[in-house]
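For reference, the structure discussed in these notes is given below.
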Amino acid sequence: MAIFHVPDMSCGHCKASITATLNTNGADALSFDMEARTVSVTGIDTKTVITLLDQIGFPATVA
């Protein structure tokens with residue numbers, strides 16, 4: 001599992017977009033902390049997660 005800081009994630013719509021993208025690309029499990037603006041991801045390598053989130057407008061860094 002890797003944890004990513006996604007500073008532009010602020011609402012349910014953001015969460016839905018991120019969920020759809022990562023699930024479509026092989027995520028096994030996702031966990032969100034909206035207050036901390038982090039996403040925990042299993043099943044996809046770190047570089048791929050960062051690339052996918054950047055492509056949908058949510059730049060992320062490893063937390």
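The values are calculated or read from the model by the stated rules, or taken from the named source; none is laboratory data. Computed from a predicted structure; not experimentally measured. Don't worry about glycine lacking a Cβ; one is built from the backbone with ideal geometry, like all the others, and counts go over all protein chains shown. Heavy atoms of the whole protein, side chains included, go into the accessibility calculation; ligands, DNA and RNA do not. Shrake-Rupley method; radii C 1.70, N 1.55, O 1.52, S 1.80 Å.
Might you check whether a residue that is hydroxyl-bearing (Ser, Thr, Tyr) and more than 10 Å from the chain's Cα centre (by Cα) occurs anywhere in region 1-12? Yes; the residues of region 1-12 include at least one that is hydroxyl-bearing (Ser, Thr, Tyr) and more than 10 Å from the chain's Cα centre (by Cα).
If you go through region 24-63 and keep only what is open to solvent by less than 60 Å² (accessible area, probe 1.4 Å) and in a helix (DSSP H, G or I), you end up with 46, 48, 49, 50, 52, 53.
Filtering region 28-41 to residues that are within 17 Å of residue 5 (Cβ to Cβ) and not aromatic (Phe, Trp, Tyr) leaves 30, 31, 33, 34, 35, 36, 37, 38, 39, 40, 41.
Listed by first and then second residue, the pairs linking a residue in region 18-45 that is farther than 16 Å from residue 62 by Cβ and among the polar types (S, T, N, Q) to a residue that is outside any strand (DSSP E or B) and open to solvent by less than 50 Å² (accessible area, probe 1.4 Å), with Cβ atoms under 6 Å apart and 6 or more places separating them unless they lie on different chains, are 21/52; 25/52.
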